[in-house]
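Notes to accompany the following structure.
The values are calculated or read from the model by the stated rules, or taken from the named source; none is laboratory data. Everything numeric here is computed off the predicted structure, so don't read it as measured data. Backbone-built Cβ (ideal geometry, glycine too); neighbour counts: all protein chains shown. Protein only, heavy atoms only, side chains kept; ligands, DNA and RNA dropped before computing areas. Shrake-Rupley method; radii C 1.70, N 1.55, O 1.52, S 1.80 Å.
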Amino acid sequence: MVGVVCYTVLLSLLTTLLGYWVNEQAEHRTWEALLQGEMAHWLQRGAQDKHWEDTDAVRAFGRAVDKPIPAVFASLPPGVHDELIFDGKVYAVLVEGIGKDRTVLALDISEMERQERTLFLTMAIFSALLVSGLGGLTYMGAKWLVEPLTRLSDTIGNLRPGVRHQRVVIRGSDPVETTVIGQALNEYLHSSEKFVEREHSFLNMASHELRTPITVVAGAAEVAAEQPSIELARPHLSRILRTSHSMQDLVTLLLVLARDPGRLRSSATSVNLADLVHRVALDHEYLLEGKELKLAFGAMPSREMVLPVPVAQAAIGNLVRNAIENSSRGTIRVSLDASDTLVIEDPGSGMTEEELARLQVQLARAGGRQGDGIGLDLIARLCDHLGWRLEFDMSVTGGTIARLQLTEVLSVKSEGQFRDREHGVVEVSLTA
């Protein structure tokens, strides 16, 4: 619209200026023809009696008529000049001769100049009306053209992740282009809903089908390990138990990564962080067998937090496991600071700055595994998924310091079954 208005204004201005220039040139030629004709007629008649009589329209000055030339005309060079003001009127003047023999013939054009100004003002008003009308029509036309696209854009902007059965409303009056876009978007939303439903179905099935056999194997191994008649097989059963527990942690973490972080709130419970860290660390004491290592606990302030406990156990256990597997002798210190950050400092076997930098890159890119545990890459992805913060630094003794900052979540406990989000209000109770 701005472009059309500017174009119209420029075109009107140029047309007006061109018309004004043409009009001035035509006027000049007209005054020149009239005055020269009048001058020729007077001179022809003056050759007989030299007499001139002024009229309301034409006046003569100079020696030929014994009338002094007014100051406003005295300095004019020979030729035709217009729009000169004398005695409150506008004149077109013809000057002939030089010096004392100069003759000036003046034509009153005041009325014509007034009509010219009126015409110019009328053209300016009509041009302004034309620009305003064209601008308004252009605006209305542009608004009519883009209104379906604007409505489609607003609808897309109001779409929210996780809300089912969202669709773009297509009107019969919408243009073909908008209809095609809306139909394609609706098909995409429908496909996405089907994909999410299949993923939810798979997760629900995998949660049962993967955990159940692992739990059965772990339980059978525990029962077999307690039998007094299988001492020779006890180490193998212990390895089965450790592997089963690792598989349980792995399945738990994989299912966590496949879920929306918001859905994990339903499994969050209140737990004493210090007790949880202490219990998980002691569960990994069996890995100290055959090594000159021991676990030592530092400051462990009591702190109640709302966490997904299985996920927190797996993350803490993996860090303890990695600290044990990457150390040969000394003391592994486990502590909690005031910012709910778990600190695990191991004596290590010496980690160079290059190796530490490579470890940080692996955590950032989720690449590489270390040890027999779940893998720091998976733990890093888990922390990023839940908004936790995991960092590694070198200690003054040459070991590694792992810091895991846990972020509390809201525990969502339902009273009965949740209704679909689009079919009613979900009533929940929140405890933080």
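A few points about this structure:
- Taking the criterion of being touching a helix residue (DSSP H, G or I) at 6+ places or on another chain (Cβ under 6 Å) and either open to solvent by 10 Å² or more (accessible area, probe 1.4 Å) or within 21 Å of D249 (Cα to Cα) (or both), the residues of region 306-333 that qualify are P308, P310, V311, Q313, A314, A315, I316, G317, N318, V320, I324.
- Selection count where residues are over 28 Å from the mean Cα position of the chain (by Cα) and not in a loop (DSSP other than H, G, I, E, B), scope region 383-401: 7
- The set of residues in region 269-286 that are open to solvent by less than 40 Å² (accessible area, probe 1.4 Å) and either free of Cβ contacts under 8 Å to residues at least 40 places away in the same chain or not in a helix (DSSP H, G or I) (or both) comprises V271, N272, H284.
One line per residue, one yes/no per condition, for (1) touching a Pro at 6+ places or on another chain (Cβ under 6 Å); (2) surrounded by 12 or more Cβ atoms within 10 Å (Cβ to Cβ); (3) of a type in the set (D, E); (4) within 15 Å of W31 (Cα to Cα):
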{"position": "R59", "(1), (2), (3), (4)": "no, yes, no, yes"}
{"position": "D66", "(1), (2), (3), (4)": "no, no, yes, no"}
{"position": "E83", "(1), (2), (3), (4)": "no, yes, yes, yes"}
{"position": "A92", "(1), (2), (3), (4)": "no, yes, no, yes"}
{"position": "V95", "(1), (2), (3), (4)": "yes, yes, no, yes"}
{"position": "D101", "(1), (2), (3), (4)": "no, no, yes, no"}
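- Residue in region 89-107 that is farthest from the chain's Cα centre (by Cα), counting only those that are over 18 Å from A40 (Cα atoms) and modelled with pLDDT under 85: K100
- Test: residue in region 412-426 that is modelled with pLDDT of 55 or more, open to solvent by less than 60 Å² (accessible area, probe 1.4 Å) and within 29 Å of H278 (Cβ to Cβ): no
- Tallying residues that are modelled with pLDDT of 85 or more, in contact with a Ser or Thr (Cβ under 8 Å, 6 or more places away or on another chain) and open to solvent by less than 50 Å² (accessible area, probe 1.4 Å) within region 371-408 yields 5.
- Output for region 271-324, where each listed residue is over 22 Å from E391 (Cβ atoms) and polar (S, T, N, Q): N272, S302
- Selected residue (criterion: modelled with the lowest pLDDT) from residues of region 271-300 that are of a type in the set (K, R) and in contact with a strand residue (DSSP E or B) (Cβ under 9 Å, 6 or more places away or on another chain): K291
- Residues that are among the charged types (D, E, K, R) and not in a loop (DSSP other than H, G, I, E, B) were ranked within region 219-237; the one that is modelled with the lowest pLDDT is R234.
- The listed residues are L76, L105, L152, and the only one of them that is farther than 30 Å from T15 by Cβ, touching a helix residue (DSSP H, G or I) at 6+ places or on another chain (Cβ under 6 Å) and not in a helix (DSSP H, G or I) turns out to be L105.
- Some residue of region 189-211 being open to solvent by 50 Å² or more (accessible area, probe 1.4 Å) and in contact with a helix residue (DSSP H, G or I) (Cβ under 8 Å, 6 or more places away or on another chain): yes
- Hey, G368 open to solvent by less than 40 Å² (accessible area, probe 1.4 Å), over 23 Å from S270 (Cβ atoms) and modelled with pLDDT under 80 or not: no
- Single residue of G141, G79, G157 found to be open to solvent by less than 40 Å² (accessible area, probe 1.4 Å) and more than 25 Å from T30 (Cα to Cα): G141
- Test: S246 is modelled with pLDDT under 85, part of a helix (DSSP H, G or I) and hydroxyl-bearing (S, T, Y): yes
Conditions tested, residue by residue: (1) at pLDDT below 85; (2) buried (at least 16 other Cβ atoms within 10 Å of the Cβ).
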residue	(1), (2)
F120	yes, no
I125	no, no
L145	yes, no
P148	yes, yes
G162	yes, no
V168	yes, yes
R171	yes, no
I181	no, yes
